[in-house]
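Where a number appears in this text, it was derived from the coordinates with a stated rule and is not lab data. All values derive from a computational prediction rather than experimental measurement. Cβ sites come from the backbone with ideal geometry, for glycine too, and all protein chains shown count toward neighbours.
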Amino acid sequence: MRKTLICALVCALSLGLAACGGSAPPGAVGSASRGQLSAGEPIKIGSLHPLSGSAAADGQQMDNGARLAVEAINAAGGIASLGGAKLELLGADTQGKPEIGQSEAQRLISEGAVGLIGTYQSAVTANVAAVAERNKVPLVIDVSNADSILQQGYRYAFRVQPNATVLGTHGARYLNEVSAAAGKPAKTVAIFHEHGPFGVAVRDAFTAEAQRLGIQVGPVISYDPASVPDLTTQMTQVKAADVDVLMVAGYHRDAVLVAQAAQTVQPGVDAVFGVGNGGFDLPQFPADVGAAGNGFLNTNFHADMTNPRTRELAQLYRDRFGEEIRTAAVLAYDAVRVIAKALEEAGSADPTALRDAIAKGEFETLVAAPGPISFLENGENRNAVPILMQVQDGEVKQVHPTSFEEAAPVYPATPAAR
């Protein structure tokens, strides 16, 4: 029954692979050392995510999403152009540490991975991308948004989510649009951001666009998302600054601290507005913070829950793992499907042939986007555009733009008092 459900799902998602259960003669493969498959040998894909450490919950979700994709593809008959070859996922725990991610990427390649996905933290992904480039093995970045990762001239790195510039720029525009439409345009914004490459890049992009739109930015406050014990002192600075909005770029752990501090301090802002925030739009966030998070907004990539195919995957995830799927898991699912379809199109397990097929292909996505995954020459997804979400009555809703709207945005949305 489970295999039937997975096969039905993957067929409905139009992977572009062979019909369920079919097979075909093997396609051309690369040299004996790169891409040559023996009869019955699986095609190995490396999955690098933080399975321990402060981001372990997200990392485990992403690993689960990647494994569901592999199961679905294999249940549907594998890679038909390679004789129905099955995929095998090689997992690795980066621990959220760049040096561990680097060594684990090298290990997975040494064990035969012809493609990699990962890794969640931008600092880790930067090291993994360098390893992938050096070994000429394609890396499909599921989550990591620092622009600098793909500014190295790499040919083997591709990113499915929006980069920091896209997130920050759209974040400022969405804030401007929603606040102006409500008749209370945001004029001053304070910023909280995690101190790593992700937070810094989002901060800079948001600030540039906000200032272009006539919005004053400051104070700007950074912190270590893995170790900061409380954000009450920082929230008190925001209250003293008497700004209209607090923008936050961080992860889930510190998102909870932001909600708690806002409820305690009552900074008087019209909205707490995330940009690329890894917490505010998670289904677990309202459950973790209760009324303290109601009304929080977030500009981010997001699983398109207006798409019935995405809802099918969400139900499968819920049945299998007993919790709601996070968008990061959907992106990992998409990343595996990118590699699978490219293998099909290449008719080869050679990493260079795989890279070329990724570069020129179009790939269906279950994330809200104006079109399929399709990569620019620099490896960025040309159709990666964030949407705006909001916590409303304990649920995360898509609220802007209207093409993805599940509910109208509520603004102002001043944080609730205790």
Post the alpha-carbon centroid distance, the range 175-208 to the range 112-128, in whole angstrom. 28
Farthest positive-ward along the chain dipole, Cα basis, beta-carbon charges - from Val330, Asn176, Leu87: Leu87
Lys pairs in the chain, Cα-Cα under 29 Å, at least 8 apart or on separate chains: how many? 20
If you plug each phi of the range 377-382 into the Karplus form 6.51 cos²θ - 1.76 cosθ + 1.60 with θ = phi - 60°, what whole-Hz ³J(HN,Hα) values come out, in order, with x for Gly and Pro? 4, 7, x, 7, 7, 5
Cα gyration tensor, the range 317-389 - rounded (a/c under 1.5), prolate or oblate: oblate
Is any helix in the chain, taking whole DSSP H runs, at least 27 angstrom long along its axis by alpha carbon and on average at least -1.0 on the Kyte-Doolittle scale, and which ones? 56-75, 327-346
Treat each spin label as a single point 7 Å out from the Cα along the C-beta direction, and report the Ser52 to Ala291 distance in nm. 4.1
Assigning unit charges at the beta carbon (Lys, Arg +1; Asp, Glu -1) and nothing else, what dipole magnitude in debye, to the nearest 20, does the range 295-418 show about its Cα centre? 260
Taking a label point 7 Å from the Cα of Ser38 along the Cα→Cβ vector, which residues of the range 102-120 have an amide N closer than 19 Å to it? 109-114
Using only DSSP helix segments of four residues or longer, with each worth -39500 (n - 2.57), what per-residue ellipticity at 222 nm results for the chain after dividing by its residue count and rounding to 500? -13000 deg cm²/dmol
Ordered by packing density, taken as the mean number of other Cβ atoms within 10 Å over each peptide's residues, highest first, how do 351-357, 193-199 rank? 193-199, 351-357
Stokes-Einstein D (µm²/s) once Rh is taken as the Kirkwood radius of the chain over alpha-carbon pairs, at 25 °C in 0.890 mPa s: 114
May I ask for the net charge around Ser110, where only other residues with Cβ less than 12 Å from the Cβ of Ser110 are counted and Lys, Arg are +1 while Asp, Glu are -1? 0
Counting only residues 5 or more apart in sequence or on a different chain, those whose built amide H sits under 5 Å from that of Leu82 are Gly27
Charge dipole of the chain about the Cα centre (unit charges at C-beta), most positive-ward option of Val166, Ile221, Pro286: Val166
On the formula 1/(1 + (r/R0)^6), with r taken between the Cβ atoms of Glu99 and Asn378 and R0 of 22 Å, the FRET efficiency rounded to 0.05 is 0.25
Given the options Val272, Val140, Ala262, identify the residue whose Cα lies farthest towards the positive end of the charge dipole of the chain (+1 on Cβ of Lys, Arg; -1 on Cβ of Asp, Glu). Val140
Need one number for the range 26-181: average projected area of the convex hull over its C-alpha atoms, nm². 11.2
Return the long-range amide H neighbours of Ser47 (sequence gap of 5 or more, or a different chain), with a cut-off of under 5 Å between placed amide H atoms. Leu90, Gly91, Ala92, Ile117
If you plug each phi of the range 154-160 into the Karplus form 6.51 cos²θ - 1.76 cosθ + 1.60 with θ = phi - 60°, what whole-Hz ³J(HN,Hα) values come out, in order, with x for Gly and Pro? 5, 9, 10, 10, 9, 10, 8
Please order Tyr223, Tyr411 by the number of other Cβ within 10 Å, starting at the fewest. Tyr223, Tyr411
Descending packing, highest mean Cβ count within 10 Å first, for 80-86, 143-149 is 143-149, 80-86
Percent antiparallel among DSSP beta bridges confined to the chain, rounded to 5, stands at 30
Can you give the net charge of the other residues whose Cβ lies under 13 Å from the Cβ of Gly279, counting K and R as +1 and D and E as -1? -3
Rounding to the nearest 20 debye, state how big the charge dipole of the range 102-192 is about its Cα centre with +1 on each Lys and Arg Cβ and -1 on each Asp and Glu Cβ. 220
Quote the charge dipole size of the chain about the Cα centre in Debye, to the nearest 20; the model charges only the Cβ of Lys and Arg (+1) and of Asp and Glu (-1). 400
What GluC sites (Glu not before Pro) does the range 62-137 have in DSSP loop regions with at most 14 other beta carbons within 10 Å? Glu111
